[in-house]
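In what follows, a structure is listed as structure tokens, so that the remarks can point back to it.
The values are calculated or read from the model by the stated rules, or taken from the named source; none is laboratory data. Keep in mind it's a predicted model, so treat the numbers as computed, not measured. Every residue, glycine among them, receives a Cβ derived from its backbone with ideal geometry; neighbour counts consider all protein chains shown. What goes into the accessible areas is simple: the full protein's heavy atoms, side chains included, and nothing from ligands, DNA or RNA. Shrake-Rupley method; radii C 1.70, N 1.55, O 1.52, S 1.80 Å.
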Amino acid sequence: QVQLVESGGGLVQPGGSLRVSCAAKGFPFSSYNMRWYRQTPGKERELVATITFNGGSTNYADSVKGRFTISRDNAKNTVYLQMNSLKLEDTGVYYCNCPTINSWGQGTQVTVSS
């Protein structure tokens with residue numbers, strides 16, 4: 001059974017950092033690209049970052065470029081999103097996704113607030 005479980009969200013002040021994780025099960029994780037999305041109330045789900053199956057290439061939305069870093073540990077079947085210099089507008093529910101099998105996790109809430 002395919003499963004993606006996000007964790008690590010929380011409340012952080014503007015300018016702070018947070019790392020969210022996504023543990024994958026039930027599919028050949030190391031063979032597939034992975035993505036992080038986020039969703040804010042009233043807005044469409046936004047693609048934040050993508051990483052290739054071997055971690056050799058990454059891409060970021062302009063809104064997070066230079067502040068967020070996506071990475072993965074294929075030995076642990078886990079993908080990460082390191083978020084630095086967080087802004088109020090980074091608040092949202094963060095989801096990991098495997099585009100090849102179109103599977104989603106339940107999301108983890110990130111709130112940036114003073």
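Quick one: in the stretch 61-72, of everything that is surrounded by 14 or more Cβ atoms within 10 Å (Cβ to Cβ) and charged (D, E, K, R), which residue is farthest from residue 5 (Cα to Cα)?
Looking only at the stretch 61-72, we keep the residues that are surrounded by 14 or more Cβ atoms within 10 Å (Cβ to Cβ), and these are 61, 64, 67-72.
Cutting the leftovers down to charged (D, E, K, R) gives us 67, 72.
Working: 67: 23, 72: 14 Å.
Checking each candidate, the answer is 67.
So which residues in the stretch 58-94 are in contact with a Ser or Thr (Cβ under 6 Å, 6 or more places away or on another chain) and not in a strand (DSSP E or B), if there are any at all?
Passing the criteria: 67, 74, 84, 91.
Right, residue 75: exposed (fewer than 14 other Cβ atoms within 10 Å of the Cβ) and over 14 Å from residue 109 (Cα atoms) or not?
Here the answer is yes, as residue 75 does meet what is asked.
Please go through the stretch 21-51 and pick out each residue that is over 15 Å from residue 81 (Cβ atoms) and either among the polar types (S, T, N, Q) or not in a loop (DSSP other than H, G, I, E, B) (or both).
Passing the criteria: 25, 29, 30, 31, 40.
Restricting to the stretch 27-54, name every residue that is modelled with pLDDT under 95 and either touching an Asp or Glu at 6+ places or on another chain (Cβ under 9 Å) or of a type in the set (Gly, Ala, Ser) (or both).
40, 42
Among the residues of the stretch 1-60, count how many are over 14 Å from the mean Cα position of the chain (by Cα), open to solvent by less than 30 Å² (accessible area, probe 1.4 Å) and closer than 30 Å to residue 114 by Cα.
Adding up the residues that qualify gives 2.
Considering the stretch 85-100 alone, what residues qualify as being open to solvent by less than 60 Å² (accessible area, probe 1.4 Å) and in contact with a Phe, Trp or Tyr (Cβ under 7 Å, 6 or more places away or on another chain)?
94, 95, 96, 97, 98, listed by residue number.
Can you work out which of the residues in the stretch 101-113 that are within 18 Å of residue 40 (Cα to Cα) and among the small types (Gly, Ala, Ser) is most open to solvent (accessible area, probe 1.4 Å)?
113
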